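Reading through the structure tokens given below for one structure.
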Amino acid sequence: MGWPSSTPIADEVVNLGDGRVVSYAEWGQPDGRPVVFVNGCPGSRLMCPDVEETVAAGVRLLTIDRPGYGWSSPLPGRRVVDWVADFVEWADLIGLPPCPVVGWSIGGQFALALAARCPARVTSVGVAAGHAPLDELHDGWGSLSDETRAYVESLRGDPFAGVEATRIRCGWFEDWESVFEPNWATDGEQPESVNPDDRLKEHDEILQPLREQVREAARQGTAGVIADSIASWLPWGFSLSEVARPVHLWWGDGDALVPRADTECLADGIQGSMLTTLPGEGHLFPVTHWRQMLAALA
């Protein structure tokens, strides 16, 4: 195991046909096997889970900012499935052939969207600590708190009010450094000693790249976080049964952000998917299991 990095070997911007721009970065072997990494929320292109393992695997890793993060132009009202068009145009512009795409956390649903709506552009998909769509999750609505249920109903029934409510809910990201406070994933409900992510963040070699990639995610304020939050709670625009490429799922049973039910929903809903459960791991496990993840996507 090496360490994560926020310093790519290339950091670029491309212009889309509608006038927006997309920012992306590259890591590893410039002439290696391409793999795309889609970060979570909040997150940005400035994150490679493990540079040493990326190089050793002979991988050319590409990371891309969704609208509203980094330098990528916002796209108001975007749904999960809408990112497919951005990906395809970006891939065409840089000459990227079909390749594996791995999504971390919320990034997983965007990777799955590619395999459902444009499978010819991906060879396989990896989802690390991914959430399931609310409408396919067993007792999804029943598992929500009263406050969250009211918020989602507002978002779906009155989009204007829902967007304003989302701005309030995402106001915490104006102080983006709060992401890294102890028990960040548990709201202080569990002691630090049982939080595997806090133990990882004790290593400055891990904490600093995480900070830098989130700092970059906040370049446009809360724009990216708000858009991701809304897209995640709305229907994604495809069903899990439509995913048409091999999918490998990873989940740590110490993850305080993603319940087991979400992982089981993904595994049950995606035909032929392969699930690896990582005992004692939290939400940040890609930084310690990157070699195994790349090998599974070979």
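The values are calculated or read from the model by the stated rules, or taken from the named source; none is laboratory data. It should be emphasised that the depicted structure is a prediction, and the values quoted were computed from it without experimental measurement. So basically every Cβ, Gly included, is an ideal-geometry build from the backbone, and we count neighbours across all protein chains shown.
Listed values, structure above:
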| read-out | value |
| --- | --- |
| Test for GLY126: is it within 23 Å of GLY108 (Cα to Cα) and at pLDDT 95 or above | yes |
| Residue among LEU284, LEU266 that is assigned to a helix (DSSP H, G or I) and aliphatic (A, V, I, L, M) | LEU266 |
| The lone exception for THR276 - which of (1) surrounded by fewer than 19 Cβ atoms within 10 Å (Cβ to Cβ); (2) not in a strand (DSSP E or B) it fails | (2) |
| Residues (in a loop (DSSP other than H, G, I, E, B) and either touching a Leu at 6+ places or on another chain (Cβ under 7 Å) or of a type in the set (Ser, Thr, Tyr) (or both)) located in the stretch 29-44 | SER44 |
| Residue satisfying all of: in the stretch 244-263; assigned to a helix (DSSP H, G or I) and in contact (Cβ under 8 Å) with a residue 12 or more places away in the chain; surrounded by the fewest Cβ atoms within 10 Å (Cβ to Cβ) among these | ALA261 |
| Residue list for the stretch 222-243, filter: farther than 21 Å from GLY43 by Cα, assigned to a helix (DSSP H, G or I) and either of a type in the set (D, E, K, R) or in contact with an Asp or Glu (Cβ under 7 Å, 6 or more places away or on another chain) (or both) | LEU240, GLU242 |
| Candidates GLY28, GLY40, GLY77, filtered to the one that is touching a strand residue (DSSP E or B) at 6+ places or on another chain (Cβ under 8 Å) and under 24 Å from SER239 (Cα atoms) | GLY40 |
| Among the residues listed as ALA150, ALA129, the single one being in contact with a strand residue (DSSP E or B) (Cβ under 7 Å, 6 or more places away or on another chain) and either surrounded by fewer than 12 Cβ atoms within 10 Å (Cβ to Cβ) or of a type in the set (A, V, I, L, M) (or both) | ALA129 |
| Every residue from the stretch 209-241 that is farther than 15 Å from GLY108 by Cβ and of a type in the set (Asp, Glu) | GLU212, GLU216 |
| Any hit, the stretch 86-103, residues being surrounded by 24 or more Cβ atoms within 10 Å (Cβ to Cβ), touching a residue at least 12 places away in the same chain (Cβ under 8 Å), aromatic (Phe, Trp, Tyr) and part of a helix (DSSP H, G or I) | yes |
| Count - residues of the stretch 94-117 that are out of contact with any Ser or Thr (no Cβ under 9 Å at 6 or more places or on another chain) and over 23 Å from THR54 (Cβ atoms) | 2 |
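Results for (1) surrounded by fewer than 23 Cβ atoms within 10 Å (Cβ to Cβ); (2) more than 17 Å from the chain's Cα centre (by Cα), shown as yes or no for each residue.
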| residue | (1), (2) |
| --- | --- |
| PHE37 | no, no |
| MET47 | no, no |
| VAL55 | yes, yes |
| GLY70 | no, no |
| LEU75 | yes, yes |
| ARG78 | yes, no |
| TRP83 | no, no |
